[in-house]
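Data block below; observations after.
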Amino acid sequence: MSFVLDLIFPKKCFGCTKSEFYICPKCQSKIKINSPKFSTDSVKEGSLSLFKYDSFIRSTIQSLKYEFVTDLADEFSSIFSQKIIKNYPDLLFYWQKNNFVLIPIPLYISRQNWRGFNQSQLLGLLIAQKLNLNFSNQIIFRHRPTFTQSHLKNHLKRQQNTKNAFTPIIPIPKNLIIFDDVATSFSTLNSAFKSLKVFGLNRCWFLTLAG
């Protein structure tokens, strides 16, 4: 199947259009890496949006989400995981040592049925496997539909859009990494966090591909 797809939709680097890769080694070396941001909240310890959301990183994520190029997920998750291992080994060790569970932001059921997959779940599972982290998509669900956040430019509207949109499935693990593809306003991640915090969450990190 992969061979057939390569014939119909040949791989081309999103950065330079070189064949055989979605992000070639040369363009991988040009990816801008963000630093973790630590929080004063005793539960929400910090966030890491690893890649700058610009240039070909934006195009790569949008192709996965809106053009359904799902076969790039493995390559993209490998690059993401390798960058974390190289740049933030101490943070990764901390997550592993304290049994953090990586959970993806869920889509509302009608949107997932339309798309056929949840990109955050697809990427989150692959990343958790590559980083030797626990993973679960049975911790939280989205109980009502919301507008696409990228269509809302106002920060307050983004907060209102995702407010009270999530319901935890009890019991929840004590230490969680809430994962999503992109974070700009962090409204979606914060909404998910608030719904989980009241049920005894001890430690939490936000992790996204880009932001």
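The values are calculated or read from the model by the stated rules, or taken from the named source; none is laboratory data. Everything quoted here is computed from the prediction, not taken from an experiment. Here the Cβ positions follow ideal geometry from the backbone for every residue, glycine too, while neighbour counts run over all protein chains shown.
Restricting attention to region 175-200, report how many residues are assigned to a loop (DSSP other than H, G, I, E, B) and either buried (at least 21 other Cβ atoms within 10 Å of the Cβ) or modelled with pLDDT of 95 or more (or both). Don't jump to the end; show me each part of the working.
Keep residues of region 175-200 that are assigned to a loop (DSSP other than H, G, I, E, B), which gives 183-186, 198-200.
Filter once more, keeping what is either buried (at least 21 other Cβ atoms within 10 Å of the Cβ) or modelled with pLDDT of 95 or more (or both): 183.
Number satisfying all stated conditions: 1.
Hey, can you tell me all the residues within region 33-49 that are more than 17 Å from the chain's Cα centre (by Cα) and part of a loop (DSSP other than H, G, I, E, B)? Across region 33-49, the qualifying residues are Ser39, Thr40, Asp41, Ser42, Val43.
Has region 93-114 got any residue that is of a type in the set (Lys, Arg), surrounded by 14 or more Cβ atoms within 10 Å (Cβ to Cβ) and touching a residue at least 40 places away in the same chain (Cβ under 8 Å)? Before you say what the answer is, go through the steps one by one.
Step one: of region 93-114, the residues of a type in the set (Lys, Arg) are 97, 111.
Retained after the next criterion (residues that are surrounded by 14 or more Cβ atoms within 10 Å (Cβ to Cβ)): 111.
Filter once more, so that each one left must be touching a residue at least 40 places away in the same chain (Cβ under 8 Å): none.
Within region 93-114, none of the residues are of a type in the set (Lys, Arg), surrounded by 14 or more Cβ atoms within 10 Å (Cβ to Cβ) and touching a residue at least 40 places away in the same chain (Cβ under 8 Å).
Residue-level check: of (1) at pLDDT 95 or above; (2) buried (at least 16 other Cβ atoms within 10 Å of the Cβ); (3) more than 19 Å from Phe14 (Cβ to Cβ), Lys37 misses just (2). You will find that of Lys65, Lys83, Lys130, the residue that is among the charged types (D, E, K, R), in a helix (DSSP H, G or I), modelled with pLDDT under 95 and over 19 Å from Leu201 (Cα atoms) is Lys65 and no other.
When you go through Asp6, Asp90 one by one, which is the residue that is modelled with pLDDT of 95 or more and among the acidic types (Asp, Glu)? Before the answer, list the steps.
On the way: Asp6 fails: modelled with pLDDT of 95 or more.
Of the residues listed, the single one that is modelled with pLDDT of 95 or more and among the acidic types (Asp, Glu) is Asp90.
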